Amino acid sequence: MTTQSPGRVRELDVLRGFALSGILLVNAQLMAGPYTAFGGGPGATVLDRAVAWVVTALVTTKFSLLFSFLFGYSFVLQRRSARRAGAAFAPRHLRRTAGLFGLGLLHAVLLFPGDILMTYAVLALFLYGLRKLTPRAALRLAAGLVVALAALLLAYGLLNVALTEPLTPAEYAPRVAHTVADYRGGALSVISAHLRELPSMLRADLLYAPDLLAAFLAGLAAAETRLVERRGRDRRWLRGVVVRWLPVGLAGGIVTACCAGRPLDSRWFLVGHAVAVLTAPALTASYACGLLLLVRGRAADVLAAAGRMALTHYLTQSLVLALVFTGYGLALYDRTGTAAVVAGCLVLYGLQLAVGHALPARVRYGPAELLLRTVTRARRPGPEGPASPGERRSADSRPVR
């Protein structure tokens, strides 16, 4: 393992930097228009529908699970860090969750109502209450949460298929016309749309909270057994995970995409998500292990640098997307095809990797990380400056966003 001090594991930041790409692809589709995630509205091109289908199958939910797993892993690393510093962990944790919630609230109101930071902050309190679970007990609870949520979604989804008629584009269009107009309006109009959508977004977060908490618990169990430290460079073990679980994850992703897009209609959406809840962890684990298996040297350095500033990059993504798609800037909401949105995301992510790789030579923390670290420790961190070569090649213990 490449480590600079206890609690700093480079492989975790490599995974964070990689996960930023998937979060960007999903959030961009949600911010670009009401139809973008489904390949566009009436008259959408075959390319747009195909790109949306692939993103649903391979990306949606998989990268949020990876972030959640890393959040749980880093929770344990932070607790160890507090113990080494002789500081009480509970006050630090409470201040951090409060800071995270505040950032999330501002993010949701000003930039993107689909914010995940507030949900993470609330679930972090539950994670604190469960911190004394043994790894085996944590994994059992995580499995129970996943199975229960999948059963609920499947039951409700099948009832929806049996008792309702599919919603046609002509029926759906009037429902989103007001939202489209607001997002293309001025700043106050955009904020009004965010506030109107925020309750439904929070309800969705509440519905899927068991899945996120399960990933937190899996990360907690992995950190307690030092899984990444022991296996992060064990090529045989990494390869075995990919071989065993990649087929399961891909099969589940295909079923999910068929239910969420084509050939099945909108009534099957929740059935597809029930399948995703059960199988997405397999694909997430395959991605993580495959990345650690394949990425080495400079490529790993670039991803790790982005991962160390994951919160800053996450908020920057929303800012750029808001300037592109809302009345804050170009007002391209519902005017851009899915393929073009995904292509733009790849460009933005590439720029973030380049900037993130250059910044550690000049500053130690990103602005959002500096703010949250100051709140967590109730004091400003030491003087900022360039990270040492060892630090630039290692990951710190801050939780992922």
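Values in this text are rule-based calculations from the coordinates and carry no lab data. This is a predicted model, so every value here is computed, not measured. When we count neighbours, we look across all protein chains shown, and the Cβ atoms used for this are built from the backbone with ideal geometry, even at glycine.
Each residue of segment 221-227 is assigned a 3J(HN,Hα), and the resulting list reads 4, 5, 5, 4, 9, 6, 4 Hz, derived from the Karplus form 6.51 cos²θ - 1.76 cosθ + 1.60 (θ = phi - 60°), x at Gly and Pro. Tabulate in residue order the Karplus-calculated ³J(HN,Hα) for segment 30-44, using 6.51 cos²θ - 1.76 cosθ + 1.60 with θ = phi - 60°, rounded to whole Hz; enter x for Gly and Pro. So the Karplus estimates, Gly and Pro as x, are 5, 7, 7, x, x, 10, 4, 5, 9, x, x, x, x, x, 5 Hz. Springs join every pair of Cα atoms under 10 Å in this Gaussian network model of the chain, and among 340, 274, 310 the largest mean-square fluctuation is at 340.
Contour minus end-to-end for residue 95 and residue 377, with contour as 0.36 nm per residue of separation and end-to-end as the Cα-Cα distance?
Details: separation 282, 0.36 × 282 = 101.52 nm, distance 0.79 nm.
So the extension gain works out to 100.7 nm.
Normalised by the number of residues in segment 5-102, the average gap of Cα pairs under 8 Å and 6 or more apart makes the relative contact order 30 percent. Pairs of Cα atoms nearer than 8 Å and 6+ residues apart set the relative contact order; for the chain it is 36 percent. Who wins for biggest fluctuation among 83, 377, 49 in a Gaussian network model of the chain, springs between alpha carbons below 10 Å? Of the options given, 83 has the highest mean-square fluctuation.
Between residue 347 and residue 105, with labels modelled 7 Å along Cα→Cβ, what's the label distance in nm to one decimal, could you check? About 3.7 nm, to one decimal.
By per-residue mean of other Cβ atoms within 10 Å, what is the highest-first order of 124-133, 36-45? Please report the intermediate quantities before stating the final value.
Working: 124-133: 15.2, 36-45: 18.2.
Ranking the peptides 124-133, 36-45 by packing returns 36-45, 124-133.
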